[in-house]
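**Student:** Structure in C-alpha cells, see below.
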Amino acid sequence: SAVISQKPSRDICQRGTSLTIQCQVDSQVTMMFWYRQQPGQSLTLIATANQGSEATYESGFVIDKFPISRPNLTFSTLTVSNMSPEDSSIYLCSVGLAGGQEQYFGPGTRLTVT
Amino acid sequence: AQSVTQPDIHITVSEGASLELRCNYSYGATPYLFWYVQSPGQGLQLLLKYFSGDTLVQGIKGFEAEFKRSQSSFNLRKPSVHWSDAAEYFCAVAPTGTYKYIFGTGTRLKVLA
C-alpha cells in the first residue's frame, strides 16, 4: 500500500478564483490519478497524471479547467481554475500499484465555492 | 457501456447482525473488482479486491466478497457488524488490463446500537 496526503484538507473559495490541490505519496509511484466526488455522488476520474508526460483527461474534463502537474514520482497537483459553485466537490488523488489496477486514495480535499 | 450498480442506497442493520451489500456490473468480460469504504471525512480505504482465482475473497476488518460470474455480481458480506462499520461503501470495477475504475453510486450503512 501507500500513504497519501493532500493539502488543503478543505477550502472555501470565491467564484472566479483558482485553487491548487497538492498530493504527496510516501513512495515513488508511476501512476497517479485525480477524482472528483460531487455531493452525494460517486467518484469520477478526472485525469491520469504520469510523471514525464502530459496528463490524460477523461471525457468531460479539460486541461484549461483542471491543469495537472507531475514534477516527480511522489508529488502531483491539481488546479481547479475559474471556479463556479458547480465545482464544489471533494477532490481525491490516488496512486496506482500493480500496474495501476490497485489504487490507494488520499483523504480528499473538500472544496466549497461561493 | 460499462456500469456498476449498487441497488441499495441506504442500509440499516443492528450491531452484531450480518450484512450483505450488493454490487452488479455490466461488462463483456470479467473485470477486476474492488470494494472500498469511506468513513465520514476520510478518503477511500481498500477493503478487498478480486483479480482472478478463488471467487471468495477475504479482506480487512472481517469483510469478504464473493464473485459470481453467472450473476455479474460481487457482493460484500460481514457476519457480524460493529458500530464502527458505519460508513459509505463503494464497489468499483476496472476492465482487465486497464486502470480506469468505474465506481458504483455507493451504499450508506447505518449501524444501530
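**Student:** Could you compute the FRET efficiency for A:Cys13 and A:Ser59, with r as their C-beta to C-beta distance and R0 at 22 Å, rounded to 0.05?
**Tutor:** 0.30
**Student:** Past the 30 angstrom mark, what percentage of all C-alpha to C-alpha distances in the protein assembly as shown do you count?
**Tutor:** I get 24 percent for the Cα pairs in the protein assembly as shown exceeding 30 Å.
**Student:** Quick one: what do you get for chain A if you divide its Cα Rg by 2.2 N^0.38 Å?
**Tutor:** Chain A yields a ratio of 0.98.
**Student:** Taking a 1.4 Å probe, which of A:Ile90, A:Ile46, B:Ile9 shows the most accessible area, and what order do the others take after it?
**Tutor:** Per-residue accessible area, sorted high to low, gives B:Ile9, A:Ile90, A:Ile46.
**Student:** A further question on this structure: Name the residues of segment B:26-57 whose accessible area, probed at 1.4 Å, falls by at least 50 Å² once all protein chains are in place instead of their chain on its own?
**Tutor:** Residues meeting the cut-off: B:Leu44.
**Student:** Counting DSSP beta bridges in segment B:3-112, what percent are antiparallel, to the nearest 5? Write out the running numbers ahead of the final one.
**Tutor:** Numbers: 33 of 38 bridges.
Roughly 85 percent of the DSSP beta bridges within segment B:3-112 come out antiparallel.
**Student:** Where does chain B land on the Kirkwood hydrodynamic radius, alpha-carbon pairs, in angstrom?
**Tutor:** The Cα-based Kirkwood calculation yields 14.1 Å.
**Student:** If the limit is 31 Å between Cα atoms, which of A:Lys65/B:Lys61; B:Lys61/B:Lys100; B:Lys68/B:Lys100; A:Lys7/B:Lys68 go over it?
**Tutor:** Going by Cα-Cα distance, A:Lys65/B:Lys61; A:Lys7/B:Lys68 fall outside the 31 Å limit.
**Student:** Next up: Can you list the aspartates and glutamates whose alpha carbon is less than 19 Å from that of B:Lys110, not counting same-chain residues fewer than 8 positions off?
**Tutor:** B:Asp8, B:Glu15, B:Glu20, B:Glu64, B:Asp85, B:Glu88
**Student:** Sticking with this structure for a sec: For chain B, modelled as a GNM with alpha-carbon contacts under 10 angstrom, which of B:Pro95, B:Pro79, B:Pro40 fluctuates the most?
**Tutor:** B:Pro40
**Student:** Rolling a 1.4 Å sphere over the protein heavy atoms, what is the accessible area per residue of chain A, to the nearest Å²?
**Tutor:** 46 Å²
The values are calculated or read from the model by the stated rules, or taken from the named source; none is laboratory data. On a predicted model such as this, the values are computed, not experimentally measured, just so you know. Glycine gets a Cβ as well: all are built from the backbone with ideal geometry, and neighbour counts include every protein chain shown. In case anyone asks, the SASA skips ligands and DNA or RNA and just uses the protein heavy atoms, side chains included. Shrake-Rupley method; radii C 1.70, N 1.55, O 1.52, S 1.80 Å.
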